[in-house]
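Just below is one structure, and these are the notes that go with it.
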Amino acid sequence: MTDGQRPLEGILVADFSRVLAGPLCSMTLADLGARVIKVERPGAGDDTRSWGPPWSGTGATYFESVNRNKESVCLDLNDDGGRRLARELALRADVLVENFKPGGLARLGLAYPELSAENPGLICVSISGFGAEGGRDLPGYDFVVQALGGLMSITGEVDGPPMKAGVALVDVLTAKDAAIAVLAALQARRSTGRGSHIQLNLLSSLQGALVNQAQAYLGSGSVPARMGNAHPSIVPYQLLGCADGPLAVACGNDSQFARLAEQLGAPDLATDSRFATNSARVEHRDVLIPLIEELLETAPAAVWQQRLTGAGVPAGRVAGIDEGIAYAASLGLQPTMEVQDSSGQAAGRQIRHPALWDPPLAPRSEAPPRLGQHTGEVVAWLRDRTEGTAEAITETTGEAEAGLPAQL
């Protein structure tokens with residue numbers, strides 16, 4: 001790869017997904033240089049186009065968060081002509097991403113075995129809520145998966161109700177798993193010449209992300225429970241009260257705890273047999289935490305953050321998203337990017353793909369497409385090998401027979 005080249009340049013992605021997990025996967029591929037053609041319902045488009053407020057000057061911010069650097073084409077998949085065009089797109093694609101209910105693509109004549117017979121290099125990514133077997137008919141909503149998969153059982157205060165994460169975390173995790181799988185499949189295709197059918201589901205991605213919490217159960221039989229902001233295996237590693245509010249303190253080893261004790265003006269805490277080691281601190285957390293908070297309450301959180309960070313103790317105030325973006329910018333991390341509309345005019349800021357490359361990539365900064373913005377040119381490109389497709393561009397808004405997507 002030469003300077004400025006995008007690693008997925010020349011890869012064509014047919015994006016038949018909507019809402020979050022599938023579109024975030026395909027946007028990741030687009031950020032890395034792939035050409036992504038997003039197939040949408042005429043007149044309505046991706047469900048998230050109507051998920052507002054909040055709205056930006058150009059549409060729903062939810063939709064815009066996962067659809068930059070794509071082309072939008074409207075095809076009516078209830079229509080023979082629309083299905084023929086969709087099939088042609090799939091036969092030209094390197095990657096197809098979809099999140100219909102399991103079996104949905106087959107009912108549209110887009111089953112992977114049929115497509116791969118004509119396009120053996122095709123990599124098909126199918127995302128569902130609960131897999132294609134016993135859970136094939138279950139609707140895959142992120143919120144429900146957080147509940148059923150165990151995440152909510154360990155999220156929230158000890159005596160409070162189970163809580164979901166503040167973002168559709170399972171969809172995001174599944175999107176990243178999907179993008180990783182696509183990259184691996186593209187690498188495998190280089191030696192085999194063949195693509196593959198990759199199936200992911202929200203429940204499995206969640207359970208894969210439970211890491212130490214899941215292994216605590218599998219390895220010891222102990223079922224983790226809610227601990228608020230505390231950590232099951234590290235102390236102190238939680239929010240601690242200061243004079244004006246909470247401070248996140250994360251002592252990952254004994255030397256960091258000794259530095260914390262020094263800054264608190266209580267160095268003896270680090271030599272006390274109850275607190276000298278992490279395992280001892282975990283055992284005696286109910287004694288230790290009140291002692292630390294009593295000392296922290298003598299100053300505001302911002303003062304303690306500066307003091308502790310300067311001493312090498314990980315600590316930080318609880319910031320709003322606006323403050324978090326500003327903080328990342330202050331560290332030179334370039335958290336956002338400017339996107340441009342089709343005329344080259346500025347169309348707002350977005351969170352950029354987090355990877356920084358050396359040598360740098362040629363950045364992509366195309367604003368999320370308007371509904372059907374590229375229908376004419378894409379259909380003209382596809383028509384050169386199809387016939388009878390004039391009816392594919394319609395104003396109908398009916399759902400395809402395959403049903404709603406399997407995850408939200």
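Give the span of the stretch 129-206's Cα atoms along each principal axis, as three whole-Å numbers ordered largest to smallest.
Principal extents (largest minus smallest coordinate, Cα): 55, 24, 14 Å.
Helix 301-310 sits at what angle to the longest principal axis of the chain, using alpha carbons and giving 0 to 90 degrees rounded to 10?
Value to nearest ten degrees: 90.
Run the 1.4 Å probe and let me know the accessible area of R87, rounded to the nearest 10 Å².
Answer for R87: close to 60 Å² accessible.
Just the ratio, please: alpha-carbon radius of gyration of the stretch 57-172 over 2.2 N^0.38 Å, N its number of residues.
1.36
Where does the chain land at 222 nm, in deg cm²/dmol rounded to the nearest 500, when only DSSP H runs of n ≥ 4 count, each adding -39500 (n - 2.57), divided by all residues? Write out the running numbers ahead of the final one.
Numbers: 15 runs with 144 residues, N = 408.
When only DSSP H runs of four or more count, the value is -10000 deg cm²/dmol.
Compute the convex hull volume of the Cα atoms of the stretch 260-300, divide it by the residue count, and report the result per residue in Å³ as a whole number.
Taking only Cα atoms, the stretch 260-300 has a hull volume of 63 Å³ per residue.
Can you tell me, using C-alpha contacts under 8 Å and at least 6 residues apart, the relative contact order of the chain as a whole percent?
RCO, the chain: 25 percent.
Report, in degrees rounded to the nearest 10, the 0 to 90 angle that the Cα long axis of helix 169-192 makes with the longest principal axis of the chain.
The angle comes out at about 60 degrees.
Leaving out ligands and nucleic acids, note down the accessible area per residue over the chain with a 1.4 angstrom probe, in whole Å².
Heavy-atom accessible area per residue stands at 48 Å².
Give me the percent of Cα-Cα pairs in the chain that sit more than 33 Å apart, rounded to a whole number.
The share of Cα pairs beyond 33 Å in the chain comes to 44 percent.
Kirkwood Rh, the stretch 1-111, all Cα pairs: how many Å?
Radius from the Kirkwood sum: 14.6 Å.
Charges at C-beta only: +1 for Lys and Arg, -1 for Asp and Glu. How large is the resulting dipole of the chain about its Cα centre, in Debye rounded to 20?
The dipole of the chain has a size of about 660 debye.
Treat the stretch 164-255 as a sphere of radius equal to its Kirkwood radius over Cα pairs and apply Stokes-Einstein at 10 °C in a medium of 1.306 mPa s; give the translational diffusion coefficient in µm²/s, rounded to a whole number.
95 µm²/s
For the stretch 205-359, count the residues as N, evaluate 2.2 N^0.38 Å, and divide the Cα radius of gyration by that value, please.
With N residues counted in the stretch 205-359, Rg over 2.2 N^0.38 Å equals 1.33.
Once all Cα-Cα distances of the stretch 60-123 are split into 10 Å bins that start at 0, what whole-number percent is in each one?
18, 47, 30, 5
With every protein chain left in place, what is the accessible area of S255 in Å² (1.4 Å probe, nearest 10)?
Only protein atoms counted, so the area is about 60 Å².
Using a 1.4 Å probe and counting only protein heavy atoms, arrange Y112, Y327 so the residue with the most accessible area comes first. Show your work: numbers first, answer last.
On the way: Y112 40, Y327 135 Å².
Output order, biggest surface exposure first: Y327, Y112.
Report in % the part of the accessible area of the stretch 123-240 that belongs to carbon and sulfur, leaving out ligands and nucleic acids; probe 1.4 Å.
59 percent
Peptides 195-207, 363-375: what's the order by average Cβ count within 10 Å, highest mean first?
Peptide ranking by packing, descending: 195-207, 363-375.
Kindly express, to the nearest 10 degrees and within the range 0 to 90, the angle between helix 80-92's C-alpha long axis and the longest C-alpha principal axis of the chain.
So the inclination is approximately 60 degrees.
Highest mean first, what order results for 149-158, 283-292 on Cβ atoms within 10 Å?
Going by the mean number of other Cβ atoms within 10 Å, highest first, we get 149-158, 283-292.
Which order do you get for M227, M337, M27, M163 if you rank them by accessible area with a 1.4 Å probe, largest at the top?
In descending accessible area the options line up as M163, M227, M337, M27.
The values are calculated or read from the model by the stated rules, or taken from the named source; none is laboratory data. Bear in mind the structure is a predicted one, so any value in this text is a computation, not a measurement. Note that each Cβ is placed from the backbone with ideal geometry, even for glycine, and that neighbours are counted across all protein chains shown. For the accessible areas, the whole protein counts, side chains as well, though only heavy atoms, and no ligand, DNA or RNA atoms are used. Shrake-Rupley method; radii C 1.70, N 1.55, O 1.52, S 1.80 Å.
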